[in-house]
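The values are calculated or read from the model by the stated rules, or taken from the named source; none is laboratory data. This one's a predicted model, so the numbers in the text were calculated from it and none came from an experiment. Here Cβ is always computed from backbone atoms with ideal geometry, including for glycine, and neighbour counts include all displayed protein chains.
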């Protein structure tokens, strides 16, 4: 069985030393002093290790079952859910007005990494609830908020998001589910939704479905979509549960991974629903949740990489096979631990140098969300809006890759289910797909975000990189190992953006055919920036002489690997982008 | 359920037009005229489509079961096995002296692609038998050959290879299984072997295990290993089956994929075994099989990519979502097929441009094996020996990547088991691991093959590339689209090899830390060469005007994609290699 260790030291490093949360001028951040974040991370880490991690394989093997409309979650999930509720973890960053703890989102994200690493399928139940909470909180009426939010924050009720239908995935304009007005101001919802995570289960008393549907007579396409609250059980005036609503689970999907989470076909057979916000403005309501939800999926991607890497490293230090080419390291044993072999170490360094920068990147994104929400800073909002598809797309692609690399470290053992590595691969795989496939993220980035406000956000990003380089280039070591490679990579990114402006003008396909590579190129520059920032802190820590020298040295060595061995990918991405649409589009559709 | 179409036209193109088998000066190749290979490919394709493909999902869902020492294969496998036997497919390239058909190995490989694409787990039963056949055929005594080969060629008996033990994977020097001499010249074999593919099953009357074991008193390490034949049932003088031997299946592994193939723990409890070849020279006997076995795994890797791609392309032409940015292509429908979107097409082109060159590369490797075996050409042997780790490592890494890309094309449908895509991903994953992990392939390439005979083989490869470029650079289009990119990539490969010579001299870790990237860099140059050769043929075909113009145009467009979008990876691989061992080895082992 795989093991999991809570990386509290690394999380503290990012929160306190790199992002400096305690000193940030964001309302609520003053609470995040080192002692406080350490205590919360410690407590969450304990839960992750002791309660959630042991249920991860159980969830995978048992999966969920549907019988007579009732979905049962795997053994142990109900108890664990109650433990999480009692600990108040579900409302950590929720509005205190409705019973939440009102902590910054960044803390939720930091804690979330550990909950996801230890048990991604389990954590999705509360993750979906959080998404539904946010939609109601932002767009619901006061009455709706009072009715639903306290119990969702508490976890007594859970939530879902219902977008997809058989004929309608990315293209939400194709939604057919109907919402007919009925007496009393509510609507009759009729239609079928598929791939609804946590659509039905036995963890909570009630399930609050958020459903995209079409009010007859409204505009065609996405402009005619509205968002509805459809509770599984109707809620009486006093908050108690009333009749069962006409929404049922018609089936569970058999999936590659995340077996512990119920992926449901949902039938709405004239169910009663309540409009959230304005009619026909449902898409906008969904969109406001998306940055957060997509950053959450980015967290999932790299978090699976974290736990996979931990197990790969443990295996490599333990497994004896072959001898160090420079001389035996374990001369009294039958062979050396395989971590002595350069190619094994290359593999581990690839994993480690990604996950540590990914953590910093995701938490930086979370901090930008806090800044935008808590101070109304429009620049922060524009920047995080630009970075969101990168966090989602890059961290899930590379997070999945990391699980595959970790599995490879184990050789044949990695292919055997017992080791648990192959579950991380199967679970991580979905993160590249849901909440918008990574191809759709690339389209969002290049087709929408990049050019917004005349490219203001990307220019701000370039300024930010330039300023950091300029402010620190007096340090020769930092310059050579980190700033110069970052500068080169950033130049590649600028050249790619410039190509899109010029060649995309002639033919938009020139930009779209390079969108995926642009997302990756951007991701590498972001992680390069994170490493440069972490390296600066680590150097200062070493120079200060009163910190954990081995820890700081480790950061520098890991960062150097990233700059030397991962960042050069930007050149290949740029070359691909600059080859334009012709090689991509030349083949006739019939020839595929 | 996924579909499979036999790519007979593409296989013919490679065999006849690109490799020119019918005109090759290799004994036996004169038989391979276009009509003959077409007929065999047609027949094998029919079997693959009609018999094997429908059993692929069955094998995955049912898996194998062990009860009272008996392993049952999935429903339908027994009948399919008999069909394959009756068709004579198991002995296609086997020695006619023992009942084989004596066809060149290249034909076996071409047919094998289709059998693997349609059902990899099933095909492994005969694949392992073929490996055991080769070992006995090359190293066995006349008596052993007469006893075992005819029934193995016929498929009445099957075979296995037993190398791995719990403490011993890559490092075969750690083998503990004992072989004690007993009266009559045989040995008592005692020990445990793990991960034995097809170690026990219900498809054949007898199973001939080839087992690596240690004769007491022999040298330590790999120099004291011998190879033994251990039949499941003893064979009487008249060829009939005698007593059950003391070899049993102690358990089946629960794996990520290839569920239809039984992966067994094998217990040898004083089983009777017969030495093959000389005592203590067992490793050499295993090595002679390895080129072929590793090329077989390379075939597996890209073949899973082939079937995955076919399903991705079909989905992309069928699924309606969104509109072409340059104007609706399906204006009367609710949306356009997703193949109109540049990023979907990029994904499909990435898959297609890989698999078609991979096919040419693997079959070229098979042709070199034929040349080396059938003409004794030492240069051909040296070249294929150099290319073998590339065929195995590169085609399986990229083959797996292709299945993941194909799964991505389907979005959420790709994650659902019903589509079958996720099975291709899970099945393809093992190819990167077994028959030597791809890290071990890289070690074999850089640590052993590259420097052999003063680098004679790699220099011959460079000559070959140079000669092809020189012979064709009068053609401006070919030069611009194919030869120039190939030249640049080949230069990167030369620079990498040069770096190894210089920096590896100072510290072998400088070479080993770059071995994996070198394998990939080499792989890209090989596929670039294959595309240049295919492009030349396609251009000639187009110019000739009497072929299938759409087919040739498709080849050129697909090849151009590879050169423009995949080949630039060589620069990144070179940059990584030239960064040396420092970034890889700097972190202390304890810090992982």
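Pick from region A:391-419 the residues that are over 19 Å from residue A:350 (Cα atoms) and crowded, with 24+ Cβ neighbours inside 10 Å: which of them is nearest to the other protein chains (Cβ to nearest Cβ)? This residue is A:415.
Per the conditions (1) within 10 Å of chain B (Cβ to nearest Cβ); (2) surrounded by fewer than 22 Cβ atoms within 10 Å (Cβ to Cβ); (3) more than 23 Å from residue A:579 (Cα to Cα), the sole criterion not satisfied by residue A:462 is (1). Checking the stated criteria, residue A:511 turns out to be within 14 Å of chain B (Cβ to nearest Cβ) and within 29 Å of the chain's Cα centre (by Cα).
Give me the residue from region B:155-185 that is assigned to a loop (DSSP other than H, G, I, E, B), more than 15 Å from residue B:269 (Cα to Cα) and touching a residue at least 40 places away in the same chain (Cβ under 8 Å) and, out of that set, farthest from the other protein chains (Cβ to nearest Cβ). By that ranking, first place goes to B:156. Residue B:150 meets all of the listed conditions (1) at pLDDT 95 or above; (2) touching a strand residue (DSSP E or B) at 6+ places or on another chain (Cβ under 8 Å) but one, namely (2).
Where strands (runs of 3 or more DSSP E) sit wholly within region B:195-261, those with at least 1 residues that are within 30 Å of residue A:420 (Cα to Cα) occupy B:206-214, B:247-252.
Among the residues of region A:536-550, are any in contact with a helix residue (DSSP H, G or I) (Cβ under 9 Å, 6 or more places away or on another chain), away from chain B (no Cβ under 14 Å) and under 22 Å from residue A:460 (Cα atoms)? Checked region A:536-550: at least one residue is in contact with a helix residue (DSSP H, G or I) (Cβ under 9 Å, 6 or more places away or on another chain), away from chain B (no Cβ under 14 Å) and under 22 Å from residue A:460 (Cα atoms).
Considering the conditions (1) at the interface with chain A (Cβ under 9 Å from one of its Cβ atoms); (2) part of a helix (DSSP H, G or I); (3) crowded, with 21+ Cβ neighbours inside 10 Å; (4) touching a strand residue (DSSP E or B) at 6+ places or on another chain (Cβ under 6 Å), residue B:309 is excluded by exactly one of them, (4).
Does residue B:382 satisfy the criteria of being modelled with pLDDT of 95 or more, assigned to a helix (DSSP H, G or I) and either surrounded by 24 or more Cβ atoms within 10 Å (Cβ to Cβ) or within 14 Å of another protein chain (Cβ to nearest Cβ) (or both)? Before the answer, list the steps.
Numbers: modelled with pLDDT of 95 or more: yes; assigned to a helix (DSSP H, G or I): yes; either surrounded by 24 or more Cβ atoms within 10 Å (Cβ to Cβ) or within 14 Å of another protein chain (Cβ to nearest Cβ) (or both): no.
Considered against the rule, which asks whether it is modelled with pLDDT of 95 or more, assigned to a helix (DSSP H, G or I) and either surrounded by 24 or more Cβ atoms within 10 Å (Cβ to Cβ) or within 14 Å of another protein chain (Cβ to nearest Cβ) (or both), residue B:382 comes out as no.
Confirm whether residue B:271 is assigned to a loop (DSSP other than H, G, I, E, B), in contact (Cβ under 8 Å) with a residue 40 or more places away in the chain and under 22 Å from residue B:180 (Cα atoms). For residue B:271, the condition - assigned to a loop (DSSP other than H, G, I, E, B), in contact (Cβ under 8 Å) with a residue 40 or more places away in the chain and under 22 Å from residue B:180 (Cα atoms) - is not met.
For region A:566-592, give me each residue that is more than 7 Å from chain B (Cβ to nearest Cβ), part of a loop (DSSP other than H, G, I, E, B) and either free of Cβ contacts under 8 Å to residues at least 24 places away in the same chain or over 16 Å from residue A:516 (Cβ atoms) (or both).
A:567, A:588
Of the listed requirements (1) surrounded by fewer than 23 Cβ atoms within 10 Å (Cβ to Cβ); (2) in a helix (DSSP H, G or I); (3) free of Cβ contacts under 8 Å to residues at least 40 places away in the same chain, residue B:343 misses just one: (1).
Quick one: which residue in B:563, B:530 is more than 10 Å from chain A (Cβ to nearest Cβ), crowded, with 22+ Cβ neighbours inside 10 Å and within 25 Å of residue B:19 (Cα to Cα)? First the steps, then the outcome.
Numbers: B:563 fails: more than 10 Å from chain A (Cβ to nearest Cβ).
One residue alone meets the criteria, B:530.
Scanning region B:329-340 for residues that are in contact with a helix residue (DSSP H, G or I) (Cβ under 9 Å, 6 or more places away or on another chain) and either within 7 Å of chain A (Cβ to nearest Cβ) or not in a helix (DSSP H, G or I) (or both) turns up B:329, B:330, B:334, B:335, B:337, B:339. Filtering region A:420-446 to residues that are facing chain B (nearest Cβ under 8 Å) and either closer than 17 Å to residue A:261 by Cβ or in contact (Cβ under 8 Å) with a residue 40 or more places away in the chain (or both) leaves A:425, A:426, A:429, A:430, A:432, A:433, A:434, A:437, A:438, A:439, A:442, A:443.
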